[in-house]
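Working notes for the structure below.
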Amino acid sequence: MRKKIVAGNWKMNMTPSEAVALAETLKPLVATSEADVVFCVPAVDIVPVVNAVKGTNIEVGAENLYFEDKGAYTGEISADMILDAGAKYVVIGHSERREYFKETDEIVNKKVLKALEKGLTPILCCGESLTQREQGITIEWVRMQIKIALQGVSAEEAEKIVIAYEPIWAIGTGKTATTEQAQEVCGAIRVVLGEIYGCETAEKIRIQYGGSVNEGNAAELFAQPDIDGGLVGGASLKPGFGVIANA
Ligand code: PEP
């Protein structure tokens, strides 16, 4: 039985003091969640949020990492920095990074490998654009993203990864995929994981849905057989995240 995982993606919101205040607000609201609860926060917020949630059921994640260990990469953040700051998860390949920062599937793959090598849990994002959905290539597209992102990842390592299916047209738009659409693609992701690693491993890998998840739709989405929780953007910044984490 896969344990559900509900992660907030705070994006480029919350100064360190605002982040601590939000963590304090959300702490009691997610305390009864039976899922793994993760706050993925801006790099400068990791240490204060880790301190704020110490002793609770909340883990902290970064929103990005660089695939080199250290050196002349101005502005980047390494896996060791993230770990030493106290975070355990890292979002990799979010569509905003792919679109605005030109991250390719190959870069995403390098980041996944580095995170796993260092012992961080990747939340690996994939998903199609509206054009791709209209062209009828959603499943092929997502299969390809997963196959490239997982190049060189062993079955043992793959079990630790969390995959987030996030249709780009549903992110921050208020448009949620229907439960059928979300389940269809999450099910297809499990099929491709089975092709790569075998069914036993595929059944262990957690797959989230992300894209305008809110208090009203979370329970139905998370009840789907291949949806093991959510990656939540906008709604993770509000007290309603407590309802989502308990859904
Ligand atoms: C996200 O950015 O990962 C996301 C799912 O955003 P939102 O929930 O705001 O659509």
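The values are calculated or read from the model by the stated rules, or taken from the named source; none is laboratory data. Keep in mind it's a predicted model, so treat the numbers as computed, not measured. No Cβ is skipped: glycine too gets one built from the backbone with ideal geometry, and neighbour counts run over all protein chains shown. In case anyone asks, the SASA skips ligands and DNA or RNA and just uses the protein heavy atoms, side chains included. Shrake-Rupley method; radii C 1.70, N 1.55, O 1.52, S 1.80 Å.
Worth a mention:
- From the list GLY194, GLY229, GLY187, the lone residue that is within 18 Å of CYS126 (Cβ to Cβ), buried (at least 21 other Cβ atoms within 10 Å of the Cβ) and touching an Asp or Glu at 6+ places or on another chain (Cβ under 9 Å) is GLY229.
- The set of residues in the stretch 1-27 being without any contact (Cβ under 8 Å) to a residue 60 or more places away in the chain and either of a type outside the set (A, V, I, L, M, F, W, C) or part of a helix (DSSP H, G or I) (or both) consists of THR15, PRO16, SER17, GLU18, ALA19, VAL20, ALA21, ALA23, GLU24, LYS27.
- Residues satisfying the stated conditions in the stretch 192-223, i.e. in contact with a Cys (Cβ under 7 Å, 6 or more places away or on another chain) and not hydroxyl-bearing (Ser, Thr, Tyr): ILE207
Table: residues versus (1) at pLDDT 95 or above; (2) more than 25 Å from ILE146 (Cβ to Cβ); (3) not β-branched (Val, Ile, Thr).
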residue: VAL6; (1), (2), (3): yes, no, no
residue: PRO16; (1), (2), (3): yes, yes, yes
residue: VAL20; (1), (2), (3): yes, yes, no
residue: THR25; (1), (2), (3): yes, yes, no
residue: LEU29; (1), (2), (3): yes, yes, yes
residue: TYR73; (1), (2), (3): yes, yes, yes
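- Enumeration of residues in the stretch 186-227 that are out of contact with any Gly (no Cβ under 8 Å at 6 or more places or on another chain) and either of a type in the set (Lys, Arg) or within 15 Å of the ligand (Cβ to nearest atom) (or both): CYS186, ARG190, LYS204, ILE207, GLY216, ASN217, ILE227
- Options LYS11, LYS54, LYS4; residue that is among the basic types (Lys, Arg) and farther than 13 Å from VAL232 by Cβ: LYS54
- Considering residues of the stretch 65-107 that are among the basic types (Lys, Arg) and more than 16 Å from the ligand (Cβ to nearest atom) only, the residue nearest to VAL50 (Cα to Cα): LYS88
- Test: residue in the stretch 167-183 that is away from the ligand (no atom under 16 Å from the Cβ) and either among the hydroxyl-bearing types (Ser, Thr, Tyr) or open to solvent by 10 Å² or more (accessible area, probe 1.4 Å) (or both): yes
- For the stretch 218-226, the count of residues that are among the polar types (S, T, N, Q), over 22 Å from GLU63 (Cβ atoms) and surrounded by fewer than 20 Cβ atoms within 10 Å (Cβ to Cβ) is nonzero.
- Residue match in the stretch 20-31 (condition: of a type in the set (D, E, K, R), surrounded by 17 or more Cβ atoms within 10 Å (Cβ to Cβ) and in contact with a helix residue (DSSP H, G or I) (Cβ under 7 Å, 6 or more places away or on another chain)): yes
- Restricting attention to the stretch 51-83 and to residues that are of a type in the set (A, V, I, L, M) and open to solvent by 20 Å² or more (accessible area, probe 1.4 Å), the residue that is farthest from the chain's Cα centre (by Cα) turns out to be ALA72.
- The condition of being open to solvent by 60 Å² or more (accessible area, probe 1.4 Å), within 18 Å of the chain's Cα centre (by Cα), more than 14 Å from ILE227 (Cα to Cα) and touching a residue at least 12 places away in the same chain (Cβ under 8 Å) holds for GLU159.
- Meets criteria (within 15 Å of the ligand (Cβ to nearest atom), under 21 Å from ARG2 (Cβ atoms) and open to solvent by 30 Å² or more (accessible area, probe 1.4 Å)) for ALA247: yes
- Flag if ALA158 is among the small types (Gly, Ala, Ser), within 12 Å of the ligand (Cβ to nearest atom) and closer than 15 Å to CYS125 by Cα: no
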